[in-house]
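Worksheet: one structure, shown below.
The values are calculated or read from the model by the stated rules, or taken from the named source; none is laboratory data. From a predicted model like this one, the values you see are computed outputs, not experimental measurements. In this analysis, Cβ positions are derived from the backbone assuming ideal geometry, glycine residues included, and neighbour counts consider all displayed protein chains.
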Amino acid sequence: MTGSLGQYPPAEYVIAHLSDTHFLGADPDGRVRALYGTVDTDATVARALQRLRALGVRLDAMVFTGDIADLAEEDAYRRVRGLVEPVAEELGATLVWVMGNHDERVRFRRELLDSPPDSAPIDRVDMVRGLRIITIDSTVPGYHHGEITREQLDWLAEVLSTPAPHGSILALHHPPIPTPLAAMTILELQQQQELAAVIEGSDIRAILGGHLHYASTSLFAGIPVSVAPATCYTMDVAAPDRNLMGVDGGQSFSLVHVYADRVVHSVVPLAPAPVVAHFDADFLSRMEQLSAAERLEVFGRKPDGVA
């Protein structure tokens, strides 16, 4: 991460937040099945990983907020893991897998976490240079909506009773925020007020979620919430009212920049787009040699005659 040319120092942490990969297993002939017969989920994840590698910066973590495999098939988990793990290792990132409603706990544990089979909720803590990433399993076996049990809330309260050196980030699949898509309200996280009572006033600095298949931000218990768009397909939020429409477009992920006093979330589209303007690294290096006033004159002054 290079130095800052503005008012803020460089981010202390950079996290890639991806969600809803929805991988399918292979057919009897060994061919990978496309989601809904159309979406090549391997290609969308590969594109996301390519963009992350092209950043040229070390990542502190890669957080996947659920629905890793569409039907919880073993070979689907193995394939997505085979794509993601080498890139996480290359970029120095702690890899955090979060359970989603399409996932199944026993296979998730075995194929992604190398853990013994167990149907209990998958709640975890990862420490990344003093930043605590807390994963809580909001899934309900056999259903697509979200719940967090009393036992999980007690566990979370115990974890939060000791603040982390650089605070905490909470990651879960079902985001505790409203959605304008009427059908998705059926599948929202239940008993949100109980979760709010546990985390309000804690050291949680941001909540990362998925599930909705479109980018969204809000507040919950005074904490910023960021929902990552899906990498597989997205929901058209501007579809006709009361329609739920998934589209093969708009696939994206988020970059999370954690500063000492704030967290910034930025959406990164997967689809390539034509370049219409470009200031390269050499330009930035030249700017770094100038004073703040000189930078404004060189880069910030409008052309003569422009008000």
Query raised in the report: Yes or no: A54 of a type in the set (G, A, S) and closer than 22 Å to A271 by Cβ?
Result: yes
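For every residue, the table says whether it meets (1) over 22 Å from A230 (Cα atoms); (2) modelled with pLDDT under 95; (3) loosely packed, with under 14 Cβ neighbours inside 10 Å.
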{"position": "I133", "(1), (2), (3)": "no, no, no"}
{"position": "E158", "(1), (2), (3)": "yes, no, yes"}
{"position": "T162", "(1), (2), (3)": "yes, no, yes"}
{"position": "L172", "(1), (2), (3)": "no, no, no"}
{"position": "P180", "(1), (2), (3)": "no, no, yes"}
Requested in this report: Scan (1) among the hydrophobic types (A, V, I, L, M, F, W, C); (2) closer than 25 Å to T135 by Cβ; (3) touching a residue at least 40 places away in the same chain (Cβ under 8 Å) for the single condition L49 breaks and write down its number.
Outcome: (3)
Query - Flag if F299 is of a type in the set (A, V, I, L, M, F, W, C) and at pLDDT below 95 - result: yes
Report task. List every residue pair whose Cβ atoms lie under 6 Å apart, where the two residues are 6 or more positions apart in sequence or sit on different chains, the first residue falls within the range 25-37 and is of a type in the set (K, R), and the second residue, located anywhere, is modelled with pLDDT of 95 or more. Result -> R33/L24
Query raised in the report: Within the range 111-129, which residues are closer than 18 Å to L208 by Cβ and either free of Cβ contacts under 8 Å to residues at least 40 places away in the same chain or touching a helix residue (DSSP H, G or I) at 6+ places or on another chain (Cβ under 6 Å) (or both)?
Result: L112, P121, I122, D123, R124, V125, M127
Query raised in the report: Any idea which of (1) touching a residue at least 60 places away in the same chain (Cβ under 8 Å); (2) small (G, A, S); (3) touching a Leu at 6+ places or on another chain (Cβ under 8 Å); (4) within 25 Å of Y259 (Cβ to Cβ) is the one A164 doesn't satisfy?
Result: (1)
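Mind checking which helices (runs of 4 or more DSSP H) fall wholly inside the range 185-299 and carry at least 2 residues that are crowded, with 20+ Cβ neighbours inside 10 Å? Lay out the reasoning, then the answer.
On the way: elements: 192-199, 281-288, 292-295.
Once the helices (runs of 4 or more DSSP H) in the range 185-299 are filtered for at least 2 residues that are crowded, with 20+ Cβ neighbours inside 10 Å, what remains is 192-199.
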